[in-house]
1. Rg/Rh for segment 54-201: what does it come to with C-alpha atoms and Rh from Kirkwood?
2. May I ask you to give the percent of accessible area on segment 274-345 that is carbon plus sulfur, with a probe radius of 1.4 Å?
3. Once fully extended, how much extra length lies between residue 206 and residue 317, figured as 0.36 nm per residue of separation less the alpha-carbon to alpha-carbon distance?
4. Just how large is the dipole of segment 113-162 about the Cα centre, in debye to the nearest 20, putting +1 at every Lys and Arg Cβ and -1 at every Asp and Glu Cβ?
5. What aspartates and glutamates sit close enough to residue 280 to cross-link, taking a C-alpha to C-alpha distance under 18 Å and skipping anything fewer than 8 places away on the same chain?
6. Using only Cα atoms, what Kirkwood radius does the chain have, in angstroms?
7. Using a 1.4 Å probe on the protein chains only, how many percent of the accessible area of segment 361-407 belongs to carbon and sulfur?
8. In whole Å, what is the distance between the alpha-carbon centres of segment 380-398 and segment 285-313?
Amino acid sequence: MRVLVVGGGGREHALCWAIAASPLCDKLYCAPGNPGIAESAECVAISADDLAGIVNFAVSNKIDFVVVGPEGPLVAGLVDRLAAAGIKAFGPSASAARIEGSKGFMKDLLTKNNIPTAWYGRFTDVKAAKTYVRQKGAPIVVKADGLAAGKGVVLCKTVLEAEAAIDSMMTAKAFGSAGQEIVVEEFLEGEEVSYFALVDGTSVLAFGTAQDHKAVGDGDTGPNTGGMGAYSPAPIVDTALDERIMGEIIHPTVRSMTAARAPFKGVLFAGLMVCKDGPKVIEFNARFGDPECQALMLRLKSDLLPALIATADEQLANFNVRWKDETSIVVVMAAKGYPGAYQKGTVIGGLDAAAKIDGAKVFHAGTKAEVKNGETVITAYGGRVLGVAATAKTVHAAQSIAYQAVDKIIWPEGFCRRDIGWRAVAREKSNG
Ligand code: AMP
Ligand code: GLY
């Protein structure tokens, strides 16, 4: 079969790497891809947001199946447009992708259906939002309603900070139109978990857990990013918690989406806070997490492609997948300055040496292949540039392999956190 993956980040590199290994895949394309992806797929220079370009390419190249990686094209309706052109795709319709695309829609859906989440208010008016914040007090959380690449969330320790966040989103428009409406919500305390489930509209298949490090600095300090590293599985999710997450959150959400005439098909990614009184939804995403997807793909033992096709074909009811009995970890290397402004075009060396470390795998995100002084080199042009991943029997071992690989990479203009997986390593140590 002829497959097209849409996107060009670390998540799409991991997806292409897994799909290319499938005996069902005869030809793999990726739009736009990146130099790492080019090792598994033929990259075509079409942006993930060029919906018409992607549909045209899929039609004229007789693509049998499209896998959409990022949220942007999902929210914009790529899967609907492909369906209209008769092309099967993995990912939700625009209507179902609102679960990620609009925090207000998601919060209303959850609350109406008694699915545990933080209390909240939706606002389009600065004064009303500030009055609510003063009534509720701090700590409190201020979020832009629309998509903001994981950065439209401000955790406020004081009422003053919350008022400033409201001003920045609504008056100064720091996140453009995504901040025209905001959500102000309860600050949840606990341990965070990324929970993944394939959903075919009705049936659900648990598809792994992970924990992500959102903050830019060691010790989970500094501003939030799209994710500086992750590991899978999440040790906090034991059988009992898994059952609660499925029973109290995932299944009711899937049923509520169908009742809201927006049946969800694709991967439902629940960002959860495990609080003292149980798991609560922080957010839903309509796609795989990045970097979580890199960690998941390394652990998946079964062929990925049939699972994605079964999701699109509404055939998940009796479907199952197997996972390796191992832990994987991914350390993100980003350009210095990220999540703020950073330099582009800097040269990255040592990638081959890193790939040679036993158990390690380097996924590309914001990289380019460029000719400099007559030689092709890999350069950095994004914020998050590489995902240096490893798999091993323990988190500690996986962590040590990943950092051995990181240390082979020669990129003075880049940085990474040195403590990815700290919580899981500590848990492992205390369990002996
Ligand atoms: P979101 O984009 O909604 O996932 O938020 C980004 C990050 O902010 C989450 O991964 C959490 O670490 C944190 N966060 C968001 N909402 C809350 C909340 N209500 N309470 C505590 N932390 C939160
Ligand atoms: N790493 C979090 C996300 O993909 O949203």
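The values are calculated or read from the model by the stated rules, or taken from the named source; none is laboratory data. These figures come from a predicted structure and were not determined experimentally. Neighbour counts run over all protein chains shown; Cβ positions are idealised from the backbone, glycine included. Calculation scope for accessible area: heavy atoms of the full protein, side chains included, ligands and nucleic acids excluded. Shrake-Rupley method; radii C 1.70, N 1.55, O 1.52, S 1.80 Å.
1. Ratio of gyration radius to Kirkwood radius for segment 54-201: 1.07.
2. 42
3. Full extension of this stretch gives 38.8 nm more.
4. 120
5. Within reach: 100, 108, 185, 186, 189, 191, 192, 212, 238, 242, 243, 248.
6. For the chain, inverting the mean 1/r across all distinct Cα pairs yields 22.0 Å.
7. Of the solvent-accessible surface of segment 361-407, carbon and sulfur hold 50 percent.
8. Their Cα centres are 17 Å away from one another.
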